[in-house]
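The values are calculated or read from the model by the stated rules, or taken from the named source; none is laboratory data. Since the model is a prediction, treat every value here as computed from it, not as a measurement. Here the Cβ is made from the backbone with ideal geometry for all residues, glycine too, and neighbour counts use every protein chain on show.
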Amino acid sequence: MYSIHATILQKLPSACPLCGLTARGGNLCSGCAQDFVWRLNGLQSCVRCLNPVPKQTTLETQATAEDTPQAAQCSRCWRDAPPYARLVAAMDYAYPTAMLIQRFKEGARLAYAGLFARVLWTRLRTQLPGDVGLLPLGALVPIPSSQQALRRRGFNPAGELALELARLSGYPLQREWLRRTRETPSQKVLDSAARRESVKGLYVCPHALPRVWVGLVDDVVTTGSTMHTAARALLNAGAAGVVALAAAHTPVRLVR
Ligand SMILES: [Zn+2]
Ligand SMILES: [Zn+2]
């Protein structure tokens, strides 16, 4: 939980990291938050993978009374469900919010981890339906960085985000629940089939897990193949289920 000190910091004036206008506590100003952070709320997006779904054509809705666009899965998730029950992202990996992610990861603006975590925590509480028992999560597990990335940046962006989210939510942080089995080439240059192949068996859980729901944390979700592999490792070790959490998600139309 945030301390009184942190609560006071949240009220202090600061410059909006996107537009430079007055904001508070290192957050986006209300205009930018409305325009860029909450944008997905207004779109028809798959509740499970967050990819945009064309209205009515490929959308297959669940036969529930509270059927809304937000409660629907895309046809791809119906056919071949990802190993995580939900993907929740703070923002789109698109202009201009992608700049925040780049400054965070490559410019070491570690304070942005707090900004992403606050948006993510609000989303978690407002978007995860309480009746399916996903909350509270039993653990937060960051996806480990490669040694090469760790040496270059000096920190693991997913680890910083998970730490801030753990502070906010009170959920226990479990850094040791996932380990990398090997080093891999950078994902950026690979297409989605090559990405899937390169991350196969990349993560293991070193011991049996308690039967709890795990929040699996990464900085950016692009094709989802890293999340898939890591979620499978947690489920194989005994986790009850996985919710994928990310600072940003690349909508499928932007995946090259
Ligand atoms: Zn702004
Ligand atoms: Zn989907």
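Taking segment 106-123 as the range and being part of a helix (DSSP H, G or I) and surrounded by fewer than 22 Cβ atoms within 10 Å (Cβ to Cβ) as the test, the residues that pass are Glu106, Arg118, Val119, Trp121, Thr122, Arg123.
Criterion first (exposed (fewer than 13 other Cβ atoms within 10 Å of the Cβ), at pLDDT 90 or above and more than 23 Å from Thr222 (Cβ to Cβ)) does Leu21 satisfy it? Talk me through it step by step, then tell me what you get.
Numbers: exposed (fewer than 13 other Cβ atoms within 10 Å of the Cβ): yes; at pLDDT 90 or above: yes; more than 23 Å from Thr222 (Cβ to Cβ): yes.
Yes.
Could you figure out which of (1) closer than 27 Å to Arg123 by Cα; (2) touching a Ser or Thr at 6+ places or on another chain (Cβ under 7 Å) isn't true of Ser198? Among (1) closer than 27 Å to Arg123 by Cα; (2) touching a Ser or Thr at 6+ places or on another chain (Cβ under 7 Å), the lone unmet condition for Ser198 is (1).
If the condition is being under 25 Å from Leu137 (Cβ atoms) and part of a helix (DSSP H, G or I), then segment 198-234 contributes Val199, Ser225, Thr226, Met227, His228, Thr229, Ala230, Ala231, Arg232, Ala233, Leu234. Within segment 215-256, restricting attention to residues that are aliphatic (A, V, I, L, M) and surrounded by fewer than 21 Cβ atoms within 10 Å (Cβ to Cβ), the residue that is farthest from the chain's Cα centre (by Cα) is Ala237. Tell me, please, whether a residue that is closer than 27 Å to Pro17 by Cβ, outside any strand (DSSP E or B) and touching a residue at least 60 places away in the same chain (Cβ under 8 Å) can be found in segment 141-150. Yes; the residues of segment 141-150 include at least one that is closer than 27 Å to Pro17 by Cβ, outside any strand (DSSP E or B) and touching a residue at least 60 places away in the same chain (Cβ under 8 Å).
The rows are residues; the columns are (1) surrounded by 15 or more Cβ atoms within 10 Å (Cβ to Cβ); (2) part of a helix (DSSP H, G or I); (3) modelled with pLDDT under 80.
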position	(1), (2), (3)
Met1	no, no, yes
Leu28	yes, no, no
Ala33	yes, yes, no
Asn41	no, yes, yes
Val47	yes, no, no
Thr58	no, no, yes
Ala63	no, no, yes
Arg76	yes, yes, no
Met91	yes, no, no
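Consider segment 167-197 and keep the residues that are at pLDDT 80 or above and part of a loop (DSSP other than H, G, I, E, B). The one that is nearest to His5 (Cα to Cα) is Gly170. Residues that are touching a residue at least 12 places away in the same chain (Cβ under 8 Å) and touching a Cys at 6+ places or on another chain (Cβ under 6 Å): does segment 166-177 have at least one? The answer is yes, given that some residue of segment 166-177 is touching a residue at least 12 places away in the same chain (Cβ under 8 Å) and touching a Cys at 6+ places or on another chain (Cβ under 6 Å).
The residue of segment 78-89 that is surrounded by the most Cβ atoms within 10 Å (Cβ to Cβ), among those that are more than 12 Å from ligand 2 (Cβ to nearest atom) and either in a strand (DSSP E or B) or modelled with pLDDT under 90 (or both), is Ala89.
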